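See below for the structure under consideration.
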Amino acid sequence: MAKKRFLLITIHNGACFDLILMDIDMLVMNGHQVTEELRDMHVGNLIVRMNSHEKEEEKKSFMDVGLDYYYYHKLLTINVVRDLLEKIKGNA
């Protein structure tokens with residue numbers, strides 16, 4: 001766990017992000033674990049999950065650990081991008 005936390009701190013330390021796009025399948029930790037760790041570290045950036053399929057239980061699980069928004073990527077339209085930009089402005 002210490003190595004995983006080090007990776008998260010290294011990635012986030014000193015960096016300035018408006019938006020974090022989260023995947024579920026990653027090498028060291030899955031997206032659910034990373035989201036939870038980032039929130040435990042009090043990272044307040046918007047975290048958005050883009051998914052290729054709709055799974056309500058997965059969405060709820062992510063939202064419960066601190067995900068801000070969950071989008072089905074086949075519905076990623078210019079309106080969704082505009083919505084995300086407005087959310088970023090509101091989070092600044």
Amide H contacts under 5 Å for Y70, restricted to residues at least 5 apart in sequence or on another chain and with H modeled in the peptide plane, are R49
Of H32, H42, how do they rank once you tally other Cβ atoms within 10 Å and put the fewest first? H42, H32
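Tell me, in nm to one decimal, what length is gained between H53 and L21 on full extension, where the rule is 0.36 nm per residue of separation less the Cα-Cα distance?
9.9 nm
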Any idea how far apart V43 and V81 come out in nm if each label point goes 7 Å out from Cα toward Cβ? 2.4 nm
Can you put I47, I78, I24 in order of Cβ neighbours within 10 angstrom, beginning with the fewest? I78, I24, I47
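Values in this text are rule-based calculations from the coordinates and carry no lab data. As the structure is a computational prediction, the values presented were derived from the model and not from experiment. No Cβ is skipped: glycine too gets one built from the backbone with ideal geometry, and neighbour counts run over all protein chains shown.
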